[in-house]
Amino acid sequence: MSDDARLRELAKELPYEHPDEARREAVRASLLAAATRREEHPPQRWRVVAAFGAGALVAAAAVLLVVGRRDPAPAAIEHARIEASAAAALEHTVSTTASGTDEIVRVHSGKVRVAVAAVKAGDRVAIETSDGTVEGAGDYEVAVRDDKLAAVTVTAGSARVVISGQKAVFLAAGQAWHAELWTAEITPAIPAPTTAPSSAPTAPIQTTTMTPPTPTSPLPTTSSIQTPTPTPRPASPLPAVAPAMTTSVPPPVETPTPAPAVTTPTPAVAAPKAIEPTETEQHFQRGWKLLKAGKAIEASAELGLAADGEGPIAIDARYFQAEALVKAGRKTEAEKALVGFLDRATQSLRRGRAAVMLARLIAERGDTASARAWFQAAIGDGDPAVAKAAKAGLAALE
Amino acid sequence: MTSKASPSQPNLTALDGGKVVPIRRPGEPRASLSEISDEALLAACGVGESAALGALYDRHHEAMYRLVSRMLRSERAEIDDLVQTTFLEAWKSAKGYSGKGSVKSFLYGIAANTVRHHVRSAKRRREALADLPEPMHGATPDVAASHAQQVQRLGVAIERLPHALREVYVLCDLEDVPGVEAARILDVRAGTLWRRLHDARKLLREALDGGAA
């Protein structure tokens, strides 16, 4: 063997990166979210020029507003849907700023589930505690204890957790962050929605107090009026423009590999300390591994146990249980699991895929009318691949 | 494509606007996207199909992780960022793919560029790291010449190669990319590539021999 060949053989023994499943999926989700954002807002130079112009116009308008008459501020628009546990204590404030709308949910204790859909640039949605802030686009759950941030779990989209004096932690769908001192349960879990897809909130929602913007202070500070650009604010992980509920992390329908991120309550990028996973999470992790190993029957059993638990992981578990059951050839049970998932997961990004799966199962047993209904339900899915699959399914039924 | 539909077993493969839409029956192994070529996936990326980007990532992420981590010893998060940037750049520049060379080579080229830019921007930090002593502490004389030590020493030597030599060595000798293709990926002339490869090998041999002596 020549020296060069020997060198090559030795060099090939050097370790290189093999990302694990959770890491791989986290990067994938982040990549797709970034690509979607880029697609919606392609970087163009004229936009920079336009931004300067717009900034000048905004500044001029602001000066006119203050120097001239003081009209009441325009009505602030809510961007987030907030569901709180019965014991939660919070204040929900929506106010107008120079650049848009600030929607702040100040949580003192308990659990809050947040669904943030499309938020325009300049607007902001944040969950605040005495020690930190959570911002994001998508679905996430925030747990607060003693006025301090205890945990954040992202089920769709992404979120950024900032604890005072610490570096920001970015979470992708399925990842969770836990404070150092974390106990298993703080407050009873939020009852999951049980009705069919609907835009209206279905879980018990604690009445939140909304503080209207004071007519005399439509703009935050005088200094912000004098500057030609809007008041700077911390950068958001998703630039608050992507309709994250539907498009930020589009799941490819043709590669129905389940995103495993939910199986990693303490992923490397998210959790500074290892946390003992809950029973539901343990079942989910075991089920996920079995599913990946091709042991569909065992996987369906484990995922079924996880699905009987609580929280967003349980809802996802039902979906993967259905997938395992399909693989195991137990199609009737798979149908049942999919219906269960669709009933509970009113906001999940996997709704479309689940609907297409269900429609195909139903079509296989000849019930074309029901199958058509489920295909039609998936036609409007944010993921173009899912929508196409639904259309093709309908065409096949015809 | 023929399509026979029966009420009980509808054929779920269909034509949609003149384009074959692969549909997978429940229970079937996922084969639909695997039937689409890399080139078609890249073309789909060019028209904004994010699912195609996901499929491209699924197909090539391991190679990109391997290449990036071989070119740049760094923290995992940084490797993740570079891999993600590689695919994002591919997504952005998919329309510009000329069809010369494989899609994998196209991705290799983007990854090599991404790493090069990263190395340049982090040069000061890299130099500071290069000043650190070799991690040879704890080795006793009788194990110093062991195979594992050689591999370790080679790793350090590769890390210390100038980036222009390291990227050539990684592509040609570790990723087994043919010279002509590697030259195209790195946008250098073939003569330059061979000279760099020769220099890299020489430096690595010297590092190994020097360590063993």
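The values are calculated or read from the model by the stated rules, or taken from the named source; none is laboratory data. Predicted model, so just to flag it, every value in this text is computed and none were measured. Glycine gets a Cβ as well: all are built from the backbone with ideal geometry, and neighbour counts include every protein chain shown. These area figures cover heavy atoms from the full protein model, side chains too; ligands, DNA and RNA do not enter into them. Shrake-Rupley method; radii C 1.70, N 1.55, O 1.52, S 1.80 Å.
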Checklist entry - How much of A:D4 can a 1.4 Å solvent probe reach, expressed as accessible area in Å² and rounded to 10? => result 40 Å²
Item to check | Average partner coverage of B:157-169, which counts Cβ from other chains inside 10 Å | outcome: 1
Next on the checklist: Could you check the spin-label model distance between A:D343 and B:A63? Points 7 Å from the Cα along Cα→Cβ, value in nm.
Outcome noted: 4.7 nm
Checklist entry - At q = 0.23, 0.30 Å⁻¹, what is the log10 ratio I(q)/I(0) for region B:169-213, with the Debye formula run over Cα points and no solvent? => result -0.74, -1.02
Checklist entry - Around A:A156, which amide H atoms from residues at least 5 apart in sequence, or from another chain, sit under 5 Å from its own amide H, with H modelled in the peptide plane? => result A:D139, A:G174
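Give A:K292/B:K92; A:K111/A:K148; A:K289/B:K104; A:K295/A:K331; A:K12/B:K100 a once-over and call out the pairs whose C-alpha atoms are over 22 Å from each other.
Over 22 Å apart, Cα to Cα: A:K292/B:K92; A:K289/B:K104; A:K12/B:K100.
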Checklist entry - Per-residue mean of other chain beta-carbon atoms within 10 angstrom of the beta-carbon, peptide A:22-30? => result 4
Item to check | Accessible area in the full protein assembly, largest first, 1.4 Å probe, for B:E159, A:E83, A:E17 | outcome: B:E159, A:E17, A:E83
Checklist entry - With each pseudo-label sitting 7 Å past Cα toward Cβ, what's the B:R205-A:D3 distance in nm, one decimal? => result 0.3 nm
Checklist outcome for this item: Order by accessible surface, 1.4 Å probe, largest leading, for residues A:Y319, A:Y16 comes to A:Y16, A:Y319
Checklist outcome for this item: In square angstrom to the nearest 100, the accessible surface buried at the B/A interface, both sides summed with a 1.4 Å probe, amounts to 5200 Å²
Checklist entry - To the nearest whole number, what is the average tally of beta carbon atoms from other chains within 10 Å of the beta carbons of peptide B:40-53? => result 4
Checklist entry - What spacing in nm lies between the two simple spin-label points modelled at B:H117 and A:S130, each 7 Å away from Cα in the Cβ direction? => result 4.5 nm
Item to check | In Å², nearest 10: area of A:T332 left accessible to a 1.4 Å probe | outcome: 110 Å²
Next on the checklist: With the cut-off at 1.5 for a/c, could you classify region A:297-398 from its C-alpha gyration tensor as rounded, prolate or oblate?
Outcome noted: oblate
